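A short write-up of the structure that comes next.
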Amino acid sequence: MLPSFVLPLAQAAAAAAPDVAAATAAATALPWWRTGAGLLLSALLTIAVPTILAWFLAKALRVSDMWGRLATVLTALVAGLAIIALGWPPRLGIDLKGGVILVYEVDATKQVGGQVEDAIEKIETLLEDREGRLGTATRKPDGRIAVSLKTTDKAARQSFVDDVTKLDFGGAKVRLAKAPLDDGQSLDLEFEVEGRQAAVDMDKLVAAVARRVNPGGQKEVTVRRYGLDQLEVIVPEVDQSEVDSIKKVVSKSGVLEFRITANPANPSHNRVIKLAEQSIGESVVEGGIPVGRWVLLNTEKFNEDERKRLVTRLASDGSIEVLVILDRLNVTGGYLTRASSSIDTQSLSPCVNFAFNASGASLFTELTGKNLPDPANGLTSSLGIILDGELLSAPAIRSTISSNGQITGSFRQRDVDEIVEVLNAGSLPTALYSDPVSEQRISPQLGADTIRSGARAMLLATIVVLAFMLAYYRFSGLVADLAVVLNIILVVALMISVKAAFTLAGLAGLVLSVGMAVDANVLIYERMREETDRGAALRMAIRNGFQRAFSTILDSNLTTVITGIVLFFIGTDQLKGFAITLILGLVLNLFTAVFCSRVMFDLAERKGWIRRLNMGRIFGVTNFEFVRWMKPAILGSALFILAGLAASAQRGQGLFDIDFTGGTSVQVAFKPDKAPDIAEIRDAVKALPDTAVSSVSVDGESQTRFKVDTSLRNTAEVQKTLQSVFPDSLLTYEMSYGDVATAPPAAGQEAAPARTTAKLTFPSKINQATLRETIETTLVAEGVGAVPFAVEAEGAVARSKPYEKWSLSAGMDAETTTRVLTRMKADLAGTPVYYSANSIGGKVAGNTKVTAVYALLASLGMIVLYVWLRFQNVAFGLAAVVALIHDVLVAVACLAMSHYVAPFLGWALVDDFKISLDVVAALLTIIGFSINDTIVIFDRLRELRGKAQYVSAAMIDKAVNQTLSRTVLTSGTAILATLILFLFGGTGIHAFAFTMLVGIITGTYSTIYIASPIVLWLQRWFGEVPSGAGASRAAGVA
């Protein structure tokens, strides 16, 4: 065991060398204990100091034979504390620190990778096989294949289309996406690749998107595969402005082209222009050769004067298209070596610098060299810079350009940053839909509130449980408390060492693991009590208590670990945090509750610190006839479940959260003096489909926050509706600014020396990216244009974090700066604060529902298999599963009924609960917890049965009575911890805690009144019980 606790520390030391080198290069000094040498020294000390201390301690206490065990316990403690000290603070999930989770889907109608090139090659072969060459095939920026035909023979065209659609490469097919339109001269067709999922390299796609979202590798960004053809992007600590930028960066295909724009004044372009004016399609073809193409014009980047130099037309969808000349050089972004952000020295506006490799430089030199200004008439040509089929810029070519160039235009800094990130990351191996199919955004402020409420609930629950154990079990309780504290230390240390993120559900998992750790100690102590009651000596009672409880502890922990593993593989990022903490807590519990507690007991007994076990006692020797009441209990359960199923059917889709139905969830805040009550909000949002409104409790605030759920999948539309029905009530961003002062030029300013400075204050806090975006937008709105400015937060430690106080320095006079700040203040005053906004598409919701069902079935299947193998009897396994299904159905029934009782039980914090992924996690945890109780009684039944051929009703009564104290104690402590989570854990885990609370109570009940009688019935069904056996007591359940 010793190396396992030191390994994370040693790994951290080994990995520190490159980190230190990078930090040195960046002139960022690290504390000595965070350097490679410091971490290595810490690892050595972690082993040496506890080992030496344990040796001296064993000698001093005259228990030399316990030296190894003492060293293991002390090393575990010291290693855990060292990892926490060196790695603090731990990583936090999106729900605790704010951020966004986006799910993108591969676009089935587009393909930007090698498959399109393969298809074009095969289509070209088909075109060449026909007499006189039938036409040409080219790739469009959107991934489709454009084919221009020269023939008007319908039979020849149809034959060609049939041949193309028969093509097959790598399991992918080509289908006709746009029917031919005969313009009398040529035919334009469009094909697209279908069924290419098997050929998509998702690993390359994930890597390409990661390079775009996190080009420097400095952010805590996660990009990973999500299902068969989706990927998930998790970015912490960003707000809506940055989210919009991330969306643009992710969804762009990244196809960059350099083309000469058609110029009516250039005689060499007249022929192409005339053909283009007669062409209906996108491509312009002459003699079977593409000579031009219409591309989309970015109207924001070109003013009226700039458009006059271009040949444009109005597309059918109302957009403006520009004609560009095609050439044989085909200079594309594939030749780029790097792109960077810069400032245009002439306009002082942000621009993009780029550099080519040797091949690209040669081609670019030829392209620009052939289109230099005509010395005879001064005619100039414009270089069209096209990204994903959209013309971004068209600067005039003044001289030959070789390896370096610049993209200029009416760009904001954010526009430039997005283009740079896309160009440096390269084109995507396959296209993504432009809009995410799921979006979950949580503000940093909500994250801070969640941390506060979650941490408080966790601390309170832990203290209550530990205090109860100490009061009830006295010295044994003290040992249990020390073991639980060590368990928490080791869980946190391992979470830090593997860089796993703590989530709100993870904190709940930590609390539950505390309850289950206590469960193990209770099992041991109740066994020790039984041994003492039989007259065993203290040493023998300790030994037998630990030995006989171990198999039950192992069984119960493993079954819960099974559900945790299933949840880890099917859960979201937040639920994975829950699964990790739960699994780690249970696995480490075998070390802390069994090994460490045994060491403490053996030491105390050998030194005479304890003479006997003083414990509280709830029940003495009991002889309740539980079997007698099993039949009416089963009837009551059946009636309750039927009522719950009826309520579920009545609610229909309304029982499910947007995780399973798709839709939007928005957390909105109201001004304290204008906050409506929840009934008014429900009445006001009736225009939205399938709405549900719930209150959000936050420390230190009156009831001003509410969560609005709806099946409408348009977040902007939901927010617009809220603004229209509550025009003056919503909480908005506020900004104040101090005196605008004129300042002399200072070194280190961005782009140009600032002439004015001002102090800005945002009570709701704002980050740098959003602030820059707001200032740039206001500059444009006020007609100031692009001016250099810099903003810096007071006491900033990270650019991405929001801060309250900022300093602005701008290259404007005081009057202009005041005008801009006044406009910005007014605009912000009309922008509502949304603490979270989640949007989930139908396909994601459908996949989630299917996955949840599979998870429940997989958990039940694995548990029944384990119990069957463990007890060597199928009756035990099937009885356990029937009880688990009962527990899940009762919990679902309570969730369904909450809709009808919430108006009357609001004082008890009962809301209109819905089934979400968090609730599914609770149901899986209920399965694990309930099986614990069942296994304890089944394990006792196995002992009582001995060599008997069957289990009788009398054996069941005796087994339940003997384990009654353990059942009440473990369930009681778990209920206490969960109740505190329910009352104080906050909105984020409210439904989770409610479901767990119901499940724990139901699980305790079902172990006695559902699982046990099922064992009797199944034995009769399988013919294991002889006729007439156990008639007197078995009749109660017959």
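The values are calculated or read from the model by the stated rules, or taken from the named source; none is laboratory data. Every value quoted in this text rests on a predicted model; they were computed, and no experiment measured them. No Cβ is skipped: glycine too gets one built from the backbone with ideal geometry, and neighbour counts run over all protein chains shown.
So, in region 831-840, of the ones that are of a type outside the set (A, V, I, L, M) and over 16 Å from Glu773 (Cα atoms), which residue ends up surrounded by the fewest Cβ atoms within 10 Å (Cβ to Cβ)? That would be Pro832.
Here Glu815 meets each of (1) under 30 Å from Val919 (Cβ atoms); (2) surrounded by fewer than 20 Cβ atoms within 10 Å (Cβ to Cβ) with one exception, condition (1).
Taken together, the residues in region 618-630 that are within 46 Å of the chain's Cα centre (by Cα) and of a type outside the set (A, V, I, L, M) amount to 0.
Residue pairs whose Cβ atoms lie under 7 Å apart, sitting 6 or more positions apart in sequence or on different chains, and linking a residue in region 390-401 that is closer than 19 Å to Glu282 by Cβ to a partner that is assigned to a loop (DSSP other than H, G, I, E, B), are Glu390/Asn298; Leu391/Asn298; Leu392/Asn298; Leu392/Gly409; Ala394/Leu310. Can we say Val951 is farther than 19 Å from Lys914 by Cα, within 42 Å of the chain's Cα centre (by Cα) and hydrophobic (A, V, I, L, M, F, W, C)? Here the answer is no, as Val951 does not meet what is asked. Mind checking whether some residue in region 1001-1008 is farther than 23 Å from Asn623 by Cβ, at pLDDT 85 or above and surrounded by fewer than 23 Cβ atoms within 10 Å (Cβ to Cβ)? Taking every residue of region 1001-1008 in turn, at least one turns out to be farther than 23 Å from Asn623 by Cβ, at pLDDT 85 or above and surrounded by fewer than 23 Cβ atoms within 10 Å (Cβ to Cβ).
Only a single criterion out of (1) loosely packed, with under 14 Cβ neighbours inside 10 Å; (2) more than 28 Å from Asp957 (Cα to Cα) is not satisfied by Asp657, namely (1).
Please verify whether region 916-931 includes one or more residues that are without any contact (Cβ under 8 Å) to a residue 60 or more places away in the chain and either assigned to a helix (DSSP H, G or I) or surrounded by 19 or more Cβ atoms within 10 Å (Cβ to Cβ) (or both). No - not one qualifying residue is present in region 916-931.
Taking the conditions (1) of a type in the set (A, V, I, L, M, F, W, C); (2) in contact with a strand residue (DSSP E or B) (Cβ under 7 Å, 6 or more places away or on another chain); (3) surrounded by fewer than 20 Cβ atoms within 10 Å (Cβ to Cβ); (4) closer than 24 Å to Val331 by Cβ in turn, Leu297 satisfies each one other than (3). When Asp709, Asp739 are checked against the criterion of being in a loop (DSSP other than H, G, I, E, B) and either over 17 Å from Pro832 (Cα atoms) or among the aliphatic types (A, V, I, L, M) (or both), a single residue qualifies: Asp739.
Looking at Ala643, is it surrounded by 13 or more Cβ atoms within 10 Å (Cβ to Cβ), at pLDDT 85 or above and closer than 18 Å to Asp912 by Cβ? So Ala643 passes the test.
Within region 122-134, residues that are modelled with pLDDT of 60 or more and surrounded by 14 or more Cβ atoms within 10 Å (Cβ to Cβ) have Cβ atoms under 7 Å from residues that are assigned to a loop (DSSP other than H, G, I, E, B) and not small (Gly, Ala, Ser) in these pairs: Lys122/Leu167; Leu127/Arg133; Leu127/Leu134; Leu134/Lys150; Leu134/Thr151, counting only partners at least 6 apart in sequence or on another chain.
This table checks each residue for (1) part of a helix (DSSP H, G or I); (2) under 26 Å from Pro236 (Cβ atoms).
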site	(1), (2)
Val464	yes, no
Ala467	yes, no
Leu482	yes, no
Asn487	yes, no
Leu490	yes, yes
Leu494	yes, yes
Lys499	no, yes
Gly506	yes, yes
Leu510	yes, yes
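Considering only residues in region 315-329 that are touching a Phe, Trp or Tyr at 6+ places or on another chain (Cβ under 9 Å) and not β-branched (Val, Ile, Thr), the one that is nearest to Thr261 (Cα to Cα) turns out to be Leu323. Looking only at residues in region 976-993 that are buried (at least 24 other Cβ atoms within 10 Å of the Cβ) and of a type in the set (A, V, I, L, M, F, W, C), which one is nearest to Thr462 (Cα to Cα)? Selected residue: Ala977. Every condition in (1) buried (at least 18 other Cβ atoms within 10 Å of the Cβ); (2) out of contact with any strand residue (DSSP E or B) (no Cβ under 7 Å at 6 or more places or on another chain) is met by Ala339 except one, and the failing one is (2).
Counting just the residues of region 796-834 that are within 24 Å of Thr732 (Cβ to Cβ) and of a type in the set (A, V, I, L, M), which one comes out modelled with the lowest pLDDT? For region 796-834, the residue satisfying everything is Val833.
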